[in-house]
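Reading through the structure tokens given below for one structure.
The values are calculated or read from the model by the stated rules, or taken from the named source; none is laboratory data. What you are looking at is a predicted structure, and each value in this text was computed from that prediction instead of being measured. Neighbour counts are summed over all protein chains in view; Cβ atoms, including those assigned to glycine, are modelled from backbone coordinates with ideal geometry.
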Amino acid sequence: MQKIKSIFILFLLFFLFLFVTFVSYASSVSSDLSDNFFRLHIIANSNSKEDQELKLKIRDAVISYMNTLNYNNLSKEQAINITEENLNNLKRTVEETIRDNGFKYSCNLEIGNYYFPTKYYGNISLPSGYYDALKINIGDAKGKNWWCSLYPPLCFTDVSSGVIDEESQEYLKNNLTDDEYILISKGNEDIKIKFKIVELISKCYNSRPLRYT
């Protein structure tokens, strides 16, 4: 009987060790990836065909404007600053696109720190967590959303192809740790397990204030 108790205690201690290791890993990955990305997040008015088409037209207009700002070779802080400096122009771009397509929706643009569920963009994935982002709400903002990364600059690839080009992948490799790059790259069989761990940890922190206004 004593031997069974000892085995049980050892098993419990081993399980606790694994749990603590996973928690530490998840917290570290979530924090590091959050610090390394500045995202663009566009939320449609609704899920109607017309509103979803408008969302994509706004996406194209916003990215076209941002192409003039030269995000290449910027740090994350510089990318946030240049976006903030051009926030009024970006809002005008969104408003004009809405009007030109026959809608009267309002729009709201904010730079802040927001919670994201696990997201997929092209051939990379990002686990859930809090990320700095430019958030664009269209109308009631109750529809499906679209996102990409302003830093590292992945928004400027061919969004219709669904694949991040080699130059952008190389950029990611150079700006992320090996573990982080492996984690976000699709094709890893245990990625879903790792993302679930990160998501469970992230949900423990469900009320963080905005960093920027």
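Of the residues that sit in the stretch 74-102 and are part of a loop (DSSP other than H, G, I, E, B) and not aliphatic (A, V, I, L, M), which one is farthest from residue 142 (Cα to Cα)? Can you show your working first?
So in the stretch 74-102, the residues part of a loop (DSSP other than H, G, I, E, B) come out as 74-75, 86, 101-102.
When the remaining residues are screened for being not aliphatic (A, V, I, L, M), the result is 75, 86, 101-102.
Numbers: 75: 32, 86: 26, 101: 19, 102: 19 Å.
Here the residue is 75.
When residue 47 is tested against the conditions (1) within 22 Å of residue 128 (Cβ to Cβ); (2) modelled with pLDDT under 85; (3) over 19 Å from the mean Cα position of the chain (by Cα); (4) not charged (D, E, K, R), the lone failure is (2). Among the residues of the stretch 37-54, what is the count of those that are part of a helix (DSSP H, G or I) and within 16 Å of residue 91 (Cβ to Cβ)? Selection size over the stretch 37-54: 1.
Residues in the stretch 140-172 that are surrounded by fewer than 13 Cβ atoms within 10 Å (Cβ to Cβ) and modelled with pLDDT of 75 or more: 144, 170.
Only one of 84, 95 is of a type in the set (Asp, Glu) and within 19 Å of the chain's Cα centre (by Cα). Can you tell me which?
Working: 95 fails: within 19 Å of the chain's Cα centre (by Cα).
Exactly one of 84, 95 is of a type in the set (Asp, Glu) and within 19 Å of the chain's Cα centre (by Cα), namely 84.
In the set 105, 71, 65, only one residue is in a loop (DSSP other than H, G, I, E, B), over 30 Å from residue 182 (Cβ atoms) and either over 18 Å from the mean Cα position of the chain (by Cα) or in contact (Cβ under 8 Å) with a residue 12 or more places away in the chain (or both); that residue is 105.
Residue 137: farther than 21 Å from residue 52 by Cβ and modelled with pLDDT of 90 or more, yes or no?
Numbers: farther than 21 Å from residue 52 by Cβ: no; modelled with pLDDT of 90 or more: yes.
No; evaluated as a whole, the condition is false for this residue.
In the condition set (1) modelled with pLDDT of 85 or more; (2) in contact with a Gly (Cβ under 6 Å, 6 or more places away or on another chain); (3) among the small types (Gly, Ala, Ser), residue 122 is compliant with all but (1).
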